[in-house]
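Take a look at the structure set out below.
Every number here is computed from the coordinates shown, using simple stated rules; none is lab data. Please read these numbers as outputs of a predicted model, since none were measured by experiment. FYI the Cβ positions are ideal-geometry reconstructions off the backbone, even for glycines, and counts take in every protein chain you see.
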């Protein structure tokens, strides 16, 4: 039942976008194959300072693919990899038993990190010196990742998506995010998070069209040890973002019912 309820919510969130989009146009600057198609296996583009250029419109899932990490962030992990503290395990089981009906997204509240990474909607990375901006189509939300050497704030105003700073480790962008408000879920099945959550994302663009994403979850108030998730992201070379207003005609709450 949990899977059915979450799938219904995902479909409601996704189909709202199907009726309109930008015309599909690929930049003339993108490398092409002999038949004129964008060469997604071309070398990774680079910025003037030599770093990988992550700019572009990206998405985690191919069309029709099961968004398994949104449904359950730990779906690829072994039993024991997620070491719950007792209260967190009880909360997770309670949420699962009620079909995840209280998921914040059903009320159009924002996704946190890393759930935002796993939502089956595109996002645009805009990379500039000292700052990387991620524009999420889902909920029309933005995110700032400061790469100018600043540290994370020590006494932040708690936020749904936290505060992010990044640095380069070779060709990998390492993003540290903290300062969460403790209201988000890590996924739709109900893995809990608290205000102590610290998320480390590692973005590695392997070539023009493919990027690896490593996610480390460290929340000592909910889990006795950190845990890690791996995912792959692909470029949408012809697509762009459209407006997404969750609050308009939101039918999800009526489908998010408990047992």
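So how far, in whole Å, is the C-alpha centre of the stretch 114-157 from the one of the stretch 167-225?
Each part's Cα centre sits 12 Å from the other's.
Evaluate the distance, in nm, between pseudo-label points positioned 7 Å from the Cα of residue 102 and of residue 62 along their respective Cα→Cβ axes.
It works out to 3.9 nm between the two label points.
Once the Cβ-Cβ distance between residue 37 and residue 240 is put in as r, and R0 is 22 Å, what FRET efficiency do you end up with, to the nearest 0.05?
In this case the efficiency is close to 0.75.
Kindly put 245, 229, 165 in sequence by how many other C-beta atoms sit within 10 Å of each C-beta, fewest to most.
On the way: 245 11, 229 23, 165 19.
Neighbour counts put them in this order, fewest first: 245, 165, 229.
Going by average Cβ density within 10 Å per residue, which order do the peptides 178-185, 151-158, 39-46 take, highest to lowest? Don't skip to the end; give the middle numbers.
Values: 178-185: 20.0, 151-158: 10.2, 39-46: 14.4.
Ranking, from highest mean packing down: 178-185, 39-46, 151-158.
Rank the residues 108, 246 as a footprinting-exposure proxy: fewest other Cβ atoms within 10 Å of their Cβ go first.
108, 246
Once you have a ≥ b ≥ c as the square roots of the Cα gyration tensor eigenvalues for the stretch 153-259, tell me rounded if a/c is under 1.5, and otherwise prolate or oblate according to whether a/b is larger than b/c.
Details: a/c = 1.71, a/b = 1.10, b/c = 1.55.
Judged from the Cα gyration tensor, the stretch 153-259 comes out oblate (a/c at least 1.5, b/c at or above a/b).
Pull out the extension gain between residue 126 and residue 224, defined as 0.36 nm times the separation in residues minus the alpha carbon to alpha carbon distance; nm, one decimal.
Once the chain is fully extended between residue 126 and residue 224, it gains 31.7 nm.
Starting with the fewest neighbours, write out 176, 63, 137, 248 ranked by other beta-carbon atoms found within 10 Å of each beta-carbon. Each step should come with its number before you reach the end.
Details: 176 18, 63 6, 137 21, 248 9.
Listing 176, 63, 137, 248 from fewest to most nearby Cβ atoms yields 63, 248, 176, 137.
Take the alpha carbon gyration tensor of the chain, find the square roots of its eigenvalues, order them as a ≥ b ≥ c, and report rounded if a/c is under 1.5; if not, report prolate when a/b exceeds b/c, else oblate.
Here the chain falls in the oblate category.
222 nm [θ] for the chain, helices only, -39500 (n - 2.57) per DSSP H run of 4+, per residue, to 500?
-3500 deg cm²/dmol
If we sort 189-196, 219-226 on the protection proxy, mean other Cβ atoms within 10 Å, highest first, what's the order?
Packing proxy ranking, top to bottom: 189-196, 219-226.
With the Cα gyration tensor of the stretch 62-106 giving a ≥ b ≥ c as the square roots of its eigenvalues, does the rule (a/c under 1.5 for rounded; else a/b larger than b/c for prolate; else oblate) give rounded, prolate or oblate?
The shape class here is oblate.
Find the relative contact order for the chain and round it to a whole percent, using C-alpha pairs within less than 8 Å whose residues are 6+ positions apart.
Value for the chain: 28 percent.
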